[in-house]
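Q: Below is the structure I would like to discuss, written out as structure tokens.
Bear in mind that the values in this text are calculations on the coordinates, not laboratory data. Predicted, not measured: the structure shown is a model, and the values here were computed from it. Here the Cβ positions follow ideal geometry from the backbone for every residue, glycine too, while neighbour counts run over all protein chains shown.
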Amino acid sequence: MQPAARINLADSAAENLRAAIASGRWGLGARIPNEAALAGMLSVSRGTVREAVRILVSQGLLETRQGSGTYVRATADPAAALDRVRRTCLRDQLEARAALDVEAVRLASLRHTPDDLQRLRRLLDERGTVADGGREAFIRRDIAFHKAVVATSGNRALVEIYDFFTAGIMDIIQSSLTGDLPEPDEQAHAQIIDVIASGDPDRAAAAVRAFMAPALLELDRFLCQ
């Protein structure tokens with residue numbers, strides 16, 4: 001096990017490197033100085049620099065290329081950005097979810113297959129109600145339906161972003177089930193499948209906006225802090 005002081009030095013060095021990257025000292029794609037130069041710049045050992053670089057590589061800020069050096073992969077810490085998203089208020093999360101859902105359904109209307117529609121209808125049948133196994137089980141089934149809708153878009157980036165939002169979306173659904181937000185009924189969910197099947201992206205987008213509108217309207221009276 002590494003001494004705590006060594007770990008803290010590595011964390012501190014990683015923070016200093018992170019700040020240097022954010023300030024533009026090394027641009028996107030630039031190669032950062034070697035271990036010896038960084039050790040002198042940060043007044044730490046080369047071993048501490050090595051650990052700090054590993055931290056930033058694991059966070060996606062740096063990329064180590066064998067025999068070439070270490071390069072800036074991103075100029076902002078993606079982990080920190082995602083953490084800030086997680087801490088946004090319910091209204092902001094719901095608005096972000098609505099934007100994802102609208103684009104996903106619009107694309108799904110253009111790219112769906114018969115198998116996609118069959119899968120969505122099956123998941124809607126399985127979704128059921130809260131009475132079927134309780135609230136938590138219902139939330140999992142509802143999420144499965146909506147994630148399948150997003151997957152039907154054929155856009156991997158949308159799928160990954162939606163997966164990230166899943167925890168926040170589950171909180172949104174829990175709020176709707178406890179009476180804080182209106183919950184769209186089965187007919188509203190079935191209409192999503194119908195507009196995907198229609199092949200009309202404008203109609204699909206409008207239907208999802210209508211689907212999300214009651215909850216968004218309810219949250220308009222709350223201000224995010």
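Q: Taking the Cα atoms only, what angle lies between the long axis of helix 135-152 and the longest principal axis of the chain, rounded to 10 degrees?
A: Orientation of helix 135-152: about 80 degrees from the principal axis.
Q: Sticking with this structure for a sec: Please report D92, D220 as a ranked list, fewest other C-beta atoms within 10 angstrom at the top and most at the bottom.
A: The most exposed by this proxy come first: D220, D92.
Q: Also, quick follow-up: Please rank T70, T113, T75, fewest neighbouring Cβ atoms within 10 Å first, as an exposure proxy. Provide the component values of the computation, followed by the final result.
A: Details: T70 21, T113 10, T75 16.
Least to most surrounded, the residues fall as T113, T75, T70.
Q: Using helices alone, I'd like the mean residue ellipticity at 222 nm for the chain: each DSSP H run of four-plus residues gives -39500 (n - 2.57), total over residue count, nearest 500. The partial results should precede the final answer.
A: Values: 10 runs with 157 residues, N = 225.
Per the formula, -23000 deg cm²/dmol.
Q: What's the FRET efficiency of E63 with R140 using the Cβ-Cβ distance as r and R₀ = 35 Å, to the nearest 0.05?
A: 0.45
Q: Please give the helix 186-198 orientation as an angle from the longest Cα principal axis of the chain, in degrees from 0 to 90, rounded to the nearest 10.
A: With rounding to tens, the tilt is 80 degrees.
Q: Return R65, R141 ranked ascending by Cβ neighbour count within 10 Å, so the fewest neighbours appear first.
A: Ranked by crowding around the Cβ, least crowded first: R65, R141.
Q: For R46 and A22, what is the calculated FRET efficiency with R₀ set at 25 Å and r taken between the beta-carbons, to the nearest 0.05?
A: Efficiency at R0 = 25 Å is approximately 0.60.
Q: A further question follows. I'd like the distance separating the alpha-carbon centroids of the range 106-156 and the range 60-99, in whole Å.
A: Computed from Cα coordinates, the inter-centre distance equals 27 Å.
Q: If R0 is 35 Å, what FRET efficiency do you get for A131 and A81 from their C-beta distance, rounded to 0.05? It would help to have the intermediate numbers written out before the result.
A: Working: r = 39 Å, r/R0 = 1.13.
Here the calculated transfer efficiency is 0.35.
Q: Please determine, in degrees from 0 to 90 and to the nearest 10, the orientation of helix 114-127 with respect to the longest principal axis defined by the Cα atoms of the chain, where the helix direction is its Cα long axis.
A: 80 degrees
Q: Considering every Cα-Cα pair within the chain, what fraction, in whole percent, is farther apart than 24 Å?
A: Roughly 56 percent, rounded to a whole number.
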